[in-house]
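Student: Next up is a structure, given as structure tokens.
The values are calculated or read from the model by the stated rules, or taken from the named source; none is laboratory data. None of these values were measured; they are calculated from a predicted model. Cβ sites come from the backbone with ideal geometry, for glycine too, and all protein chains shown count toward neighbours. In case anyone asks, the SASA skips ligands and DNA or RNA and just uses the protein heavy atoms, side chains included. Shrake-Rupley method; radii C 1.70, N 1.55, O 1.52, S 1.80 Å.
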Amino acid sequence: MSFQGDHLSEETLASIGAKKQPVSYQEENLAYIIKSYPTNPTNHLSKAIEINGAVDENALSISVSKIVTLNPNLRSFYQLKDHLEKYEIPTNFNPNEFFNLSKFSQPKLDIIDVTDKDEDSQNQVLEKTLAKTYAIDEFPLMRAHLIKISNKKSYLVLSMSHMVGDGYSA
């Protein structure tokens, strides 16, 4: 989805149980900043967490989906028409139905295997992942990447848009 692109219809929003939410002054300002400077990496919060040891990728992937499902800010999405609209998806939403109707990506753990790369290339992948920006109308406004460095070392990179992270400071 994009600023000029498709918007979810009122019927689609109703069918998935999305509820319109009030938009704060800070969200309006941040939306303007993000729209004006879409590639600015300060529009989001990112953190890389070093993990030493084996990682249960399936359990981590389920955890990422649960985090999005249980957090009202992360269940929110925005549409920019002639003004900013904010919607919250209910906690009991059917993910398959929502993602089939909405054209959004399902929250998932993105696994990036760089075990066959040299240290400089691994660091470049980590830096690029940390700097990845968001469009204001993406869902979810949180990403999780597991960057596998070796069998015993990985980085979990969590990033979220300021729209849902703190709603203000870009």
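Student: Please list, ordered by first then second residue, the pairs with beta carbon atoms under 9 Å, 6 or more apart or interchain, first in the range 117-139 and in contact (Cβ under 8 Å) with a residue 40 or more places away in the chain, second among the basic types (Lys, Arg) and assigned to a loop (DSSP other than H, G, I, E, B).
Tutor: Listed by first residue and then by second, the contacts come to Phe139/Arg75.
Student: Continuing with this model, one more query. So Pro95 passes all but one of these: (1) more than 26 Å from Leu156 (Cβ to Cβ); (2) at pLDDT below 65. Which condition number does it fail?
Tutor: All conditions pass for Pro95, except number (1).
Student: Look at the range 113-145 and say how many of its residues are closer than 27 Å to Tyr78 by Cβ and either of a type outside the set (S, T, N, Q) or at pLDDT 90 or above (or both). Working first, answer last.
Tutor: Kept after step one, since they are closer than 27 Å to Tyr78 by Cβ, are these residues of the range 113-145: 128-145.
Imposing the further condition that a residue be either of a type outside the set (S, T, N, Q) or at pLDDT 90 or above (or both) reduces the set to 128-132, 134-145.
Total satisfying the criteria: 17.
Student: Just give me the residues in the range 116-144 being within 20 Å of Ser61 (Cα to Cα), open to solvent by 10 Å² or more (accessible area, probe 1.4 Å), in contact with a Ser or Thr (Cβ under 6 Å, 6 or more places away or on another chain) and not charged (D, E, K, R), in sequence order.
Tutor: Across the range 116-144, the qualifying residue is only Leu130.
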